[in-house]
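Engineer: Supplied in structure tokens, the structure appears directly below.
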Amino acid sequence: MTLNLCNCRSFVVVVVSVVVLWVAVLLHHLENSDQGYLPRMTQDLKTLKENYKAKNKTCFILGASGETGNVLLKELLQSQLFSRITLIGRRKLTFEDEAYTNVVQEVVDFEKLDDFASAFEGHDVGFCCLGTTKAKAGEEGFIRVDHDYVLKSAELAKTGGCSHFNLESSKGAEKTSNFLYLKVKGQVEADIEALDFVRYSIFRPAMLLVDRKESRPTEWMARKFLSPISHLFPTAITIPINFVARAMINNAVIDVDNKVEILENKAIYNLGQLWENETK
């Protein structure tokens, strides 16, 4: 009986060890396989930002009420890169901090965006963080927001003079995917590319590490479980949300030759980390 118990324990130890080793190998693969495109800087980030600021550019944010958009707005105000920041959304947002005083807000009806074309005029750069979930909006609602609203906004932005459009997409986005979420994300990427912006930047972050305002129990549990892993493998399957926002800003000030650029999770992390290094 004692011998059988020892054998059982030994078997469990071996199985657990194999599983842990397999997971470690998988995470290491994910950490190192996601290289992707990364813009090359010809000057230090501080100089690039000073030069960019001198150009007196303006920008708009779609989805500023969401998690990424909210952080992006905060970081943009801190950086002071743009002479004017406009929020385009379905409702006016309330801010208590004086730093938000000069932020312009345009309230639009996404079902009738053609009637609000003027809201998209006069901006050099557009940041799109607009999106919802199938669980929240249903399948049709998800497609309408993440594809139709986003694409129509991009069309109006292009007509209104926007030259650089930034899209927050998702890791694994692919228009031929069997998964609805990834398929829609990939399709809108492709449809916006066809609009032929002077510069089009696509950001594909992995799972965002953020304490959401809205309740998503499953995602909350996943974040708690993945948090320790993110310390060992920071770009394998997660990314801090502030890194995404900072990467979008840092990328905007870098001069690139590519008309269309796709930044995968590791590239986003590395660009976001430049902000951390700059402030040290």
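Engineer: Please identify the GluC sites (Glu not before Pro) of segment 143-209 that satisfy two criteria: DSSP loop assignment and at most 16 other Cβ atoms within 10 Å. Which are they?
Structural biologist: Hits after loop and neighbour filter: E174.
Engineer: Would you mind checking the pairs K53/K92; K46/K259; K55/K171 and listing those with alpha carbons more than 29 angstrom apart?
Structural biologist: Check vs 29 Å cut-off fails for K55/K171.
Engineer: Could I ask something else about it? Give a quick list of trypsin sites (Lys or Arg not before Pro) in segment 111-189 that DSSP marks as loop, anything other than H, G, I, E or B, with at most 12 other Cβ atoms within 10 Å.
Structural biologist: none
Engineer: When only alpha-carbon atoms are used, what values of Rg and Dmax, in angstrom, describe segment 164-207?
Structural biologist: Over segment 164-207's Cα set, Rg and Dmax evaluate to 10.3, 31 Å.
Engineer: Ok, one more. Mind listing the Cα extents of segment 33-150 along all three principal axes, in Å, largest one first?
Structural biologist: Sorted largest first, the three principal extents are 46, 43, 28 Å.
Engineer: Follow-up question, since we're still on this one. May I ask you to list the trypsin sites (Lys or Arg not before Pro) in segment 43-108 that are in a DSSP loop and have at most 16 other Cβ atoms within 10 Å of their Cβ?
Structural biologist: Passing both the DSSP loop test and the Cβ count: K55, R90, R91, K92.
Each reported figure results from applying straightforward, stated rules to the coordinates on display, with no laboratory input. The model shown is predicted, which means the values in this text are computed figures rather than measured ones. Glycine gets a Cβ as well: all are built from the backbone with ideal geometry, and neighbour counts include every protein chain shown.
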